[in-house]
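J.: Please see the structure below; I have some questions.
The values are calculated or read from the model by the stated rules, or taken from the named source; none is laboratory data. Computed from a prediction, not measured in an experiment: that's the story for all the values here. Neighbour counts are summed over all protein chains in view; Cβ atoms, including those assigned to glycine, are modelled from backbone coordinates with ideal geometry.
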Amino acid sequence: MQRQRSTKHSAAGADRSGGVINWKSGIHWGLLSALVWALLSGGSGWYLGLPVILAATATAHWLRLPAPDPRVVLRLPRFFAFYLRTLWQGGWDVARRALSPSLPIDPAWTTYELQRRYRDDPLYPRLRLLMSALIGLLPGTLSARYQAHELQVHVLDQQQDWVSTARRLEDELARLLGVKAS
């Protein structure tokens, strides 16, 4: 009778299921995280950036995320331009409303239905998760929860056209992630 040989990997080289970690994916996530840090920090603050980059890379490994699509890097500038512009508009709008009591505040809980054209793509769950996290950057909005294809959203002014901006955010995220419309 022949014995089966078991191979052992060090704790640093094995994932929770006993398989070997894909280090190529880790290098990609580390480089992408470093690029994002460099863009957001203007190339400074690496004493804080390095631990953040290592934590992001470790989290990507822990979640077993595949290596990012290299085309994402080419899509990042457009997304960041949209993100920063909308973030600034949202902050400005909330500050104006807080400092000027004459501006309308008509808060409400409402439901935002995610677009049907993205639902068949395997990356749709990531799109939905990012959408729920980032919708709070829109002027006067905050996502409280999501289920199935809907986000529960709190808006400061239900008369304000926040839906078209939310649709644009969803389209930009789909483009960034490479989600295909059906």
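J.: Cβ-Cβ under 9 Å, sequence separation 6+ or interchain: first residue in the range 38-58 and under 22 Å from residue 77 (Cβ atoms), partner among the basic types (Lys, Arg) and loosely packed, with under 11 Cβ neighbours inside 10 Å. Which pairs?
T.: Hits for this filter: zero, empty list.
J.: Are any residues in the range 155-182 in contact with a Phe, Trp or Tyr (Cβ under 8 Å, 6 or more places away or on another chain), part of a helix (DSSP H, G or I) and over 21 Å from residue 110 (Cα atoms), and if so, which ones?
T.: 172, 173, 174, 175, 176
J.: Of 156, 138, 127, which residue is crowded, with 19+ Cβ neighbours inside 10 Å and within 18 Å of residue 178 (Cβ to Cβ)?
T.: Numbers: 156 fails: within 18 Å of residue 178 (Cβ to Cβ); 138 fails: within 18 Å of residue 178 (Cβ to Cβ).
Answer to the check: 127.
J.: Among the residues of the range 133-140, are any over 28 Å from residue 70 (Cα atoms) and at pLDDT below 85?
T.: Of the residues in the range 133-140, the ones over 28 Å from residue 70 (Cα atoms) are 139-140.
Keeping just the survivors that are at pLDDT below 85 gives 139-140.
Yes, the range 133-140 has at least one match.
J.: Then there is this: Note down all Cβ pairs under 9 Å where the first residue falls in the range 115-131 and is among the acidic types (Asp, Glu), the second is in a helix (DSSP H, G or I), and they're at least six residues apart or on different chains.
T.: Listed pairs, sorted by first residue: 121/127; 121/174; 121/177.
J.: Okay, next question. Go through the residues of the range 95-115 one by one and say whether even a single one is under 27 Å from residue 182 (Cα atoms), in the same structural domain as residue 173 (by TED's automatic domain parsing) and basic (Lys, Arg). Let's see the steps before the verdict.
T.: First, the residues of the range 95-115 that are under 27 Å from residue 182 (Cα atoms): 110-115.
Those left that are additionally in the same structural domain as residue 173 (by TED's automatic domain parsing): 110-115.
Add one more test, that the residue is basic (Lys, Arg), and what stays is none.
No, the range 95-115 has no match at all.
J.: Could you list, ordered by first residue, the pairs with Cβ atoms under 6 Å in which the first is in the range 84-103 and under 17 Å from residue 166 (Cα atoms) and the second is at pLDDT below 85, at least 6 apart or interchain?
T.: 86/137; 87/137; 89/139; 90/137; 90/138; 90/139; 93/139; 93/140
J.: Also: Name the residue, out of 60, 98, that is of a type in the set (Gly, Ala, Ser), under 28 Å from residue 144 (Cβ atoms) and within 17 Å of the chain's Cα centre (by Cα). Walk me through it before giving the result.
T.: On the way: 98 fails: within 17 Å of the chain's Cα centre (by Cα).
Matching residue, one of 60, 98: 60.
J.: For residues that are farther than 29 Å from residue 71 by Cα and at pLDDT below 85, tally how many sit in the range 161-182. Working first, answer last.
T.: Looking only at the range 161-182, we keep the residues that are farther than 29 Å from residue 71 by Cα, and these are 161-162.
Next, only the ones that are at pLDDT below 85 stay: none.
Within the range 161-182, residues that are farther than 29 Å from residue 71 by Cα and at pLDDT below 85 number 0.
J.: Restricting to the range 125-154, name every residue that is touching a Gly at 6+ places or on another chain (Cβ under 8 Å), in a strand (DSSP E or B) and not aliphatic (A, V, I, L, M).
T.: 141, 143
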